[in-house]
Amino acid sequence: MKLLEYEAKRVFSGYGIPVPKGVLIREPEEVTARLPELGDGVVLKAQVDVGGRGKAGGVLMADDASAIETARELFSREIKGVPVREILVEERLPIDHEYYVSIAVDRSSRQPVVLFADAGGVEIENKALEDESAVRKVVVSPLLRDIPPFLMREILGGAPKELAPVINSLYHVFQEKDAMLAEINPLVTTLQGVYAADAKLVVDDNALARQGIAVNRDLSEREREAEKHGFSYVELDGTIGVIGNGAGLTMSTLDLIEFYNGRAANFLDVGGGADQERVMHAVKLVASMPGVNVIVVNLLGGITRCDEVAKGIIAAGVAPTVIVRMAGTNEEEGRRLLAECGYRMLESMDTAVKAAMEVSL
Ligand code: GDP
Ligand code: MN
């Protein structure tokens, strides 16, 4: 789950990373009372979860006289389609230079990797694309509590040494907060010292409970529902709903849809030994996706019993056409139940997917 900038800054600050003085406001009028804390010259930053916020008009500069008008303006905007409900108002730093630093998981070496660039800021992605050497990459062993000095020198290159403690603290944040990504862009130098002018922190979804985060805000309502039932569920952008048991069988169903030039709406693995209740919830969940007019249910009866599956499908009683392919334990009884209620059953995955394609067109 991705934290908003002000939340990430609170975490960073707790680890001794200097952040600009700032206040969070929800109404433009709140800004006036808070200005004396911040000094003349402020930056208003929309707290929205979108990349390239600054370039999309989500970061505005103001002075004391114009702060309230600027806040009104920012609250009235949508940043890449996301309405602005909270604004972080910060002291405006007299920036000397902007650097880029992030720590992520390097999947190939399975270790944390520190990325550093001497030219940070809103153009970093373009710069990195143009010139790969603009970003230095240094892998750090996760067994180390601190980034050792010889690696820190490699990270910094010619950049000022005063950045080192901040990068090391960011590494602590990364490790202790179960982060997938911890980023400061820009990390700035000023006459008063170094600051994290922006902050990004993405916590591993599998570690939310350990981090005391009760609700994963990044999930849609349906994804949350799926999590509640323990389904492996991913939303895609097609129109054919998919339910399977076992990741392999479900993936094969997606592959087959793709093979016939169809587009799957989702991946849903109900897991092993699914009973009537679970199947019903799965069918209802997929049927609730907008644009889905047909659902392929592809189940193999092992511990899962086909009669339970059939009862679940019937109990769901959804509007989209449900096409069933199932084989294995109690198959005959399952087929009988579904046939009684007029469901279409097909002998193979192949024919089931083809039938779904016809309905979806
Ligand atoms: P992002 O576009 O969402 O990454 O927003 P940032 O918080 O990184 O801000 C975008 C840009 O605004 C930064 O790269 C800076 O150039 C500028 N900016 C942000 N805060 C300040 C500040 O306090 N002072 C000055 N002079 N510029 C700032
Ligand atoms: Mn930024």
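Which value, in debye to the nearest 20, describes the size of the charge dipole of the stretch 95-207 about its Cα centre when Lys and Arg Cβ atoms bear +1, Asp and Glu Cβ atoms bear -1, and nothing else is charged?
Working: 10 positive and 18 negative charges, 85 e Å.
Here the size comes out at about 400 debye.
Of the trypsin sites (Lys or Arg not before Pro) in the stretch 145-237, the ones in a loop by DSSP (not H, G, I, E or B) with at most 12 other beta carbons within 10 Å are 145, 210, 217.
Seen against the Cα atoms of the chain and their longest principal axis, helix 164-176 is set at about 20 degrees. Backbone phi angles across the stretch 148-159, fed through the Karplus curve with coefficients 6.51, -1.76 and 1.60 (θ = phi - 60°), yield HN-Hα couplings of x, x, 5, 6, 4, 4, 5, 5, 6, x, x, 5 Hz in residue order; Gly and Pro are listed as x. Compute the angle between helix 5-14 and the longest alpha-carbon principal axis of the chain, please, reported from 0 to 90 degrees and rounded to the nearest 10. Around 60 degrees separate the two axes. Give, as a single signed number, the net charge of other residues whose beta carbon lies under 13 Å from the beta carbon of residue 306, with Lys and Arg counted +1 and Asp and Glu -1. Overall, the nearby charge balance is -1.
At a threshold of 8 angstrom on Cα-Cα distance, excluding pairs fewer than six apart, so keeping six or more, what relative contact order does the stretch 21-91 reach in percent? Walk me through the numbers before you get to the answer.
Numbers: 129 pairs, mean separation 34.2, N = 71.
Once normalised by length, the contact order is 48 percent.
Taking the C-alpha atoms only, the angle from helix 331-340 to the longest principal axis of the chain is near 90 degrees.
DSSP loop GluC sites (Glu not before Pro) in the stretch 301-358 with at most 16 other Cβ atoms within 10 Å of their Cβ, which ones? Show your work: numbers first, answer last.
On the way: sites: 308, 331, 332, 333, 340, 347, 358; in loops: 347.
Of the GluC sites (Glu not before Pro), the ones in loops of the stretch 301-358 whose Cβ has at most 16 other Cβ atoms within 10 Å are 347.
With the cut-off at 1.5 for a/c, could you classify the stretch 95-207 from its C-alpha gyration tensor as rounded, prolate or oblate? Let's see the in-between values first.
Numbers: a/c = 1.42, a/b = 1.34, b/c = 1.07.
Because its axes are fairly even, with a/c under 1.5, the stretch 95-207 counts as rounded.
Comparing 40, 237, 178 in a Gaussian network model of the chain, where Cα atoms under 10 Å apart are tied by springs, the biggest mean-square fluctuation is seen for 237. Once the Cβ-Cβ distance of residue 32 and residue 143 is raised to the sixth power relative to R0 = 41 Å, the FRET efficiency obtained is 0.20. Dipole orientation for the chain: of the candidates 151, 186, 241, 241 has the Cα lying most toward the positive pole (charges on Cβ; Lys, Arg +1; Asp, Glu -1).
Applying the criteria of a DSSP loop state and at most 13 other Cβ atoms within 10 Å to the GluC sites (Glu not before Pro) of the stretch 35-93 yields no site. Surface exposure of the chain, expressed per residue as accessible area with a 1.4 Å probe, stands at 48 Å². The candidates 250, 239, arranged from most to least accessible area with a 1.4 Å probe in the full protein assembly, appear as 239, 250.
What you get for the chain, charging only the Cβ of Lys and Arg (+1) and of Asp and Glu (-1), is a dipole of about 500 debye around the Cα centre.
Taking 211, 276, 192 as the candidate residues, the one with maximal mean-square fluctuation in a Gaussian network model of the chain, Cα springs under 10 Å, is 192.
Full extension from residue 66 to residue 225: what is 0.36 nm times the residue separation minus their Cα-Cα distance, to one decimal in nm? Before the final figure, lay out the partial values.
Working: separation 159, 0.36 × 159 = 57.24 nm, distance 4.48 nm.
So the chain would gain 52.8 nm between residue 66 and residue 225.
If R₀ is 45 angstrom, what is the calculated FRET efficiency for the pair residue 134 and residue 76, using the beta carbon separation as r and rounding to 0.05? Please list the in-between numbers first.
Values: r = 36 Å, r/R0 = 0.81.
Between residue 134 and residue 76 the formula returns 0.80.
For the chain, the residue among 33, 271, 360 whose Cα projects farthest onto the positive side of the dipole built from Cβ charges is 271.
Past 20 Å, Cα to Cα, is the threshold; run 21/80; 9/177; 311/354; 284/311; 2/80 against it and keep the listed order. Present the calculation step by step, with values, prior to reporting the outcome.
Details: 21/80 27 Å; 9/177 13 Å; 311/354 24 Å; 284/311 13 Å; 2/80 17 Å.
Check vs 20 Å cut-off fails for 21/80; 311/354.
Backbone geometry of the stretch 84-89 corresponds, through the Karplus equation with coefficients 6.51, -1.76 and 1.60 at θ = phi - 60°, to 3J(HN,Hα) couplings of 8, 10, 9, 10, 8, 9 Hz, x marking Gly and Pro. Looking at the chain, the DSSP beta bridges with both ends there are about 75 percent antiparallel. The label point for residue 247 and the one for residue 232, both projected 7 Å from the Cα toward the Cβ, are 0.4 nm apart. What residues from the stretch 235-251 fall in the zone where the backbone N is under 14 Å from a label point 7 Å along the Cα-to-C-beta line of residue 344? Label zone hits: 240-241. Calculated mean residue ellipticity, 222 nm, the chain: -10000 deg cm²/dmol, from DSSP H runs (n ≥ 4) at -39500 (n - 2.57) each, averaged per residue and rounded to 500.
The values are calculated or read from the model by the stated rules, or taken from the named source; none is laboratory data. In this text the structure is predicted, and so the values were computed from the model without any measurement. Counting neighbours? That spans all protein chains shown, and the Cβs are built from the backbone with ideal geometry, glycine included. To get the accessible areas, we keep the full protein, side chains included, count just its heavy atoms, and leave off ligands, DNA and RNA. Shrake-Rupley method; radii C 1.70, N 1.55, O 1.52, S 1.80 Å.
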